[in-house]
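**Student:** Pasting a structure here, questions to come.
Each value in this text was obtained by applying a stated rule to the coordinates, not by laboratory testing. Everything quoted here is computed from the prediction, not taken from an experiment. No Cβ is skipped: glycine too gets one built from the backbone with ideal geometry, and neighbour counts run over all protein chains shown.
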Amino acid sequence: MSITSSRLPTVAGDDDFLAITKQLCAESRQRQIIPIVGMGGIGKTTLARNVYHDPSIQALFDICGWVTVSQSYSDEEVLSTLLRSFKPEVKGVEESHGSMGTKVSQTLMKRKYLIVMDDIWDIGVCDDLSVIFPDDGNGSRIILTTRLQDVATYGANSSPPHEMQLMHEDQSWELFRQKVFMNRVCDRELKDIGMAIARSCGGLPLAIVVTAGLLSTVDRARASWEEFAEKVKTVVAARDGPLEKILSLSYTDLPRHLKQCFAYMGGFPEDRDIHVEKLIKLWIAEGFINDATSAPKSLEEVGEECLQDLIKRSLVFDGRKNLHGKIKSCRLHDLIRDLCKEKADQDKIPLYDTNVHGTLVETTLEDVERLRVLEWGGADQGLLSTSQIFSWLSGLRYLVLDCLVELPAAVSNLENLQTLIINVFESWVRLPREIWRMQQLRHLVSSFDQLPCPQGATSFPLENLQTLSRVSNLDCTYRLVKMIPNIKKLGILYSSRCEFEQSSYLVDDFISSHPSQYYDGHLENLKHLHQLEELKVQVYPGIKGMSNPIFPQSLKKLSLRGWIIPSWRDMAIVGSLPNLQVLKLRELWCEDDEWETAEDEFGSLSFLLIERCGLRKWMTGSDHFPKLKKLLLHQCPYLEEIPADVGDFPSLELIEVEFGNRDVVNSAKGIEEEQKDMGNDNLRVVCINSMGDHTRI
């Protein structure tokens with residue numbers, strides 16, 4: 001179980017940590033609310049997070065959950081977020097009947113739970129807790145964090161609120177040193193200056209880490225540090241609070257394009273995760289990152305570097321990461337978000353505007369022409385049937401449309417468009433042939449009803465296109481793959497005739513050429529996509545077979561679903577991919593049910609998911625899968641056991657069994673016990689049974 005925010009580092013094992021854990025471990029069986037109160041930036045969320053993640057604390061509770069409330073919130077959104085935080089311990093709760101409050105109550109009923117409610121501003125939230133969170137006399141605990149003393153006092157039901165104190169001098173230096181030197185020994189000639197800089201931050205953790213982040217960009221020469229110390233001293237001596245001045249100093253130090261990227265983030269909702277891929281697309285669309293700043297790297301690569309730079313300076317905090325440490329989400333501290341908004345207004349930098357939705361009827365023509373980013377809701381969809389609206393929007397670079405089914409040819413008037421996302425449910429989007437004229441397209445995301453055949457002089461290779469998802473019945477002819485030569489992410493779905501009879505004008509051609517429904521998607525031509533890194537291919541029931549694919553050597557992530565292959569031996573095609581790191585196999589069926597891997601296969605694989613597959617017997621050796629970290633076996637009822645040699649995979653950290661039969665669960669337990677006997681405590685085994693209960697073996 002994890003949360004998605006990583007706000008501030010703190011000094012481990014301090015008095016605050018011990019005080020909160022003592023209350024969590026108290027013998028009282030009554031449900032207790034434990035408020036943590038203190039000024040912004042003092043480390044309330046960090047303390048709660050460190051306690052929440054502590055393994056010894058997690059082991060005390062049957063279920064744990066985290067939600068950030070903040071000033072602007074809705075009950076429905078808060079409870080929905082809380083339910084999601086329970087996963088994977090509890091599955092399918094959100095889809096069940098009843099109000100969100102009822103779902104939360106039923107989920108927690110008779111369970112000893114730990115809930116963190118972060119950043120509460122309203123006393124009314126405390127009143128709601130007593131209704132929604134059951135008190136079954138089993139020692140459940142609720143942690144609240146708030147800046148407001150009256151909220152903290154009102155919420156406390158067992159002992160006075162825990163008040164956060166400013167760091168004393170030794171703590172300030174230790175935190176500062178960790179951030180600047182990354183736990184390495186501090187240069188002796190710099191220590192006295194560093195201690196003085198840390199002391200000037202007034203014991204406020206946020207001020208310390210931001211100052212340290214700014215200092216990390218300065219040469220490690222005494223003269224440079226002395227100059228920096230004098231600058232900080234001058235800032236702190238100003239009439240306004242030192243934190244605000246330090247934050248402003250960090251902003252002033254940024255190069256122009258980073259100022260734009262940073263300030264723009266102030267428009268995202270308070271206390272919410274920011275999806276990194278979307279953020280970088282928006283930065284590019286707004287022109288903060290362009291060809292002049294990127295060469296010879298791609299715009300997206302420069303965007304990732306910009307984010308890393310802001311994180312290094314502690315102006316942005318990272319959140320969720322994938323298996324390989326790549327950041328999937330990030331977040332701003334509330335006070336830093338306020339700085340973004342202030343500087344955006346001051347320096348005339350646009351903010352991300354979550355209100356650019358819905359109607360364009362009342363917008364002035366001049367405003368429309370200036371738009372680079374537009375997220376258009378379901379209203380006024382009829383306007384899209386006219387070519388004039390696309391002429392007005394010719395400056396767009398990022399466009400999100402909701403519930404659109406057919407895209408008119410006039411979309412090609414958006415000649416600067418880089419990202420096109422169409423959100424549809426239970427339907428397919430039809431693209432015009434003119435899509436091949438949109439030379440700036442980088443990301444095309446939706447459920448597309450095939451891809452129009454490029455024809456004539458009006459079709460050009462989309463050389464900038466990196467993402468194409470999710471295309472129905474894509475015929476990967478040599479001609480087509482040459483039209484998307486630099487694609488990095490590709491998603492394809494092959495469906496049977498009965499499912500697309502009402503589809504676009506190209507479907508009749510497809511049906512007449514494939515009357516047997518044995519669809520040859522020409523997947524051998526995938527080998528020509530030399531930049532392809534992520535591939536998802538799903539086959540719906542009704543397709544009798546697929547051609548033998550030839551995957552490009554560049555592939556890093558592969559997801560196959562619904563495939564019927566002659567033998568598990570055919571997986572050698574996948575195993576031979578030298579760069580493959582993630583493999584997901586869902587609903588994969590073979591004429592045989594035995595899989596024997598070879599030593600020279602899957603050399604780079606770190607994540608393997610096998611879900612709802614007909615595999616019965618798996619044979620592997622301890623020297624196979626040398627880099628595998630996570631093995632997930634979900635709903636594999638025929639699997640007899642997990643091979644004992646799996647436990648000897650040198651990098652393995654997790655085996656997760658979902659809805660496994662008794663033999664599979666027992667073999668997983670046996671592997672963990674054997675590894676512990678051998679002194680390997682790094683392997684974790686988790687089982688989820690048919691009731692959705694989560695058990696750590």
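**Student:** Using the structure shown, select from Lys297/Lys488; Lys259/Lys488; Lys278/Lys627; Lys557/Lys630; Lys617/Lys669 the pairs with a Cα to Cα distance greater than 21 angstrom. Please list the in-between numbers first.
**Tutor:** Details: Lys297/Lys488 15 Å; Lys259/Lys488 29 Å; Lys278/Lys627 30 Å; Lys557/Lys630 14 Å; Lys617/Lys669 18 Å.
Correct reply: Lys259/Lys488; Lys278/Lys627.
**Student:** Note down the nm distance, to one decimal, between modelled labels 7 Å out along Cα→Cβ at Asn661 and at Asn138.
**Tutor:** The two pseudo-label positions are separated by 3.2 nm.
**Student:** Taking a cut-off of 21 Å between Cα atoms, list the lysines near Lys179, but don't count ones fewer than 8 places away on the same chain.
**Tutor:** Here the lysines satisfying the reach criterion relative to Lys179 are Lys44, Lys191, Lys231, Lys233, Lys245, Lys312, Lys321, Lys326.
**Student:** Now, a different point. Normalising by the residue count of the stretch 15-163, find the relative contact order in percent from Cα pairs under 8 Å and 6+ residues apart. Mind dumping the intermediate values first?
**Tutor:** Values: 251 pairs, mean separation 59.2, N = 149.
40 percent.
**Student:** Here is a further query. Can you find, among Ile487, Leu451, Trp436, the residue sitting farthest towards the positive end of the charge dipole of the stretch 423-492, where Lys and Arg contribute +1 and Asp and Glu -1 at Cβ?
**Tutor:** In the stretch 423-492, that residue is Ile487.
**Student:** For a quick check: sort Thr477, Thr46, Thr597 by the number of other beta carbons within 10 angstrom, fewest at the front.
**Tutor:** Values: Thr477 13, Thr46 23, Thr597 19.
Fewest to most other Cβ atoms nearby, the residues stand as Thr477, Thr597, Thr46.
**Student:** Under a crude label model (7 Å from the Cα following the beta-carbon direction), how far is Glu596 from Asp345 in nanometres?
**Tutor:** 7.2 nm
**Student:** I would also like to ask the following. Grab the Cα-Cα distance for Lys321 and Asp170, subtract it from 0.36 nm times how many residues apart they are, and report the gain in nm with one decimal.
**Tutor:** Numbers: separation 151, 0.36 × 151 = 54.36 nm, distance 3.18 nm.
Result for the pair: 51.2 nm of gain on full extension.
**Student:** Related question: Between Leu60 and Arg29, with labels modelled 7 Å along Cα→Cβ, what's the label distance in nm to one decimal, could you check?
**Tutor:** 1.7 nm
**Student:** Mind listing which trypsin sites (Lys or Arg not before Pro) in the stretch 102-200 are in a DSSP loop and have 14 or fewer other Cβ atoms within 10 Å? The partial results should precede the final answer.
**Tutor:** Values: sites: Lys103, Lys110, Arg111, Lys112, Arg141, Arg147, Arg177, Lys179, Arg184, Arg188, Lys191, Arg199; in loops: Lys110, Arg111, Lys112, Arg147, Arg184.
Sites meeting the loop and neighbour criteria: Lys110, Arg184.
**Student:** For an R0 of 45 angstrom, estimate the FRET efficiency from the Cβ-Cβ distance between Ala572 and Ala409 and round to the nearest 0.05. Before the final figure, lay out each step's value.
**Tutor:** On the way: r = 45 Å, r/R0 = 1.01.
FRET efficiency, Ala572 to Ala409: 0.50.
**Student:** What's the exposure ranking of Phe17, Phe602, going from fewest to most Cβ atoms within 10 Å?
**Tutor:** Phe17, Phe602
**Student:** Quick one: give the max-minus-min coordinate of the C-alpha atoms of the stretch 211-285 along each principal axis, largest first, in Å.
**Tutor:** If we take the Cα atoms of the stretch 211-285, the spans are 41, 29, 19 Å.
**Student:** Want the number for Lys627 to Tyr478: 0.36 nm per residue separation, take away the alpha-carbon distance, what's left?
**Tutor:** Values: separation 149, 0.36 × 149 = 53.64 nm, distance 3.42 nm.
This chain segment gains 50.2 nm when fully extended.
**Student:** Follow-up. Any idea what the dipole of the stretch 256-346 comes to, in debye rounded to 20, about its Cα centre with Lys/Arg Cβ at +1 and Asp/Glu Cβ at -1? Intermediate values should be presented prior to the final figure.
**Tutor:** Numbers: 16 positive and 16 negative charges, 38 e Å.
Taking the Cα centre of the stretch 256-346 as origin, the dipole is about 180 debye.
**Student:** Separate question: Using a Förster distance of 30 Å, how high is the FRET efficiency between Ile550 and Asn680, based on the Cβ-Cβ distance and rounded to 0.05?
**Tutor:** Values: r = 39 Å, r/R0 = 1.29.
The calculated FRET efficiency here is 0.20.
**Student:** Among 668-678, 276-286, how do they line up by average Cβ neighbours within 10 Å per residue, starting with the highest?
**Tutor:** Answer by packing, highest mean first, reads 276-286, 668-678.
**Student:** So, one more: Return an integer: the convex hull volume of the alpha-carbon atoms of the stretch 194-239, in Å³ per residue.
**Tutor:** Values: hull volume 3.0 nm³, N = 46.
Expressed per residue, the convex hull around the Cα atoms of the stretch 194-239 is 65 Å³.
**Student:** Going by a ≥ b ≥ c, the root eigenvalues of the Cα gyration tensor, does the stretch 560-697 fall in the rounded group (a/c under 1.5), the prolate group (a/b larger than b/c) or the oblate group? Mind dumping the intermediate values first?
**Tutor:** Details: a/c = 1.77, a/b = 1.19, b/c = 1.49.
It comes out oblate by the Cα gyration axes.
**Student:** Let me ask you something else. Can you pull out the GluC sites (Glu not before Pro) in the stretch 584-648 that DSSP calls coil and that have at most 16 other Cβ atoms within 10 Å?
**Tutor:** Values: sites: Glu587, Glu591, Glu594, Glu596, Glu599, Glu601, Glu611, Glu640, Glu641; in loops: Glu587, Glu591, Glu599, Glu601, Glu640, Glu641.
Those that pass, being in a loop and sparsely packed, are Glu591, Glu599, Glu640.
**Student:** Please work out how much length the chain gains when fully extended from Glu77 to Ser216, using 0.36 nm per residue of separation minus the C-alpha to C-alpha distance, in nm with one decimal. Please list the in-between numbers first.
**Tutor:** On the way: separation 139, 0.36 × 139 = 50.04 nm, distance 3.83 nm.
So the chain would gain 46.2 nm between Glu77 and Ser216.
**Student:** Stokes-Einstein diffusion coefficient for the stretch 256-346 at 10 °C in a medium of 1.306 mPa s, Rh from the Kirkwood formula over Cα pairs: what value in µm²/s? Write out the running numbers ahead of the final one.
**Tutor:** Details: Rh = 13.2 Å.
Stokes-Einstein gives a translational diffusion coefficient of 120 µm²/s.
**Student:** Viscosity 0.890 mPa s, temperature 25 °C: Stokes-Einstein D of the stretch 15-163 from its Kirkwood Cα radius, in µm² per second? Please list the in-between numbers first.
**Tutor:** Values: Rh = 15.3 Å.
Result for D is 160 µm²/s.
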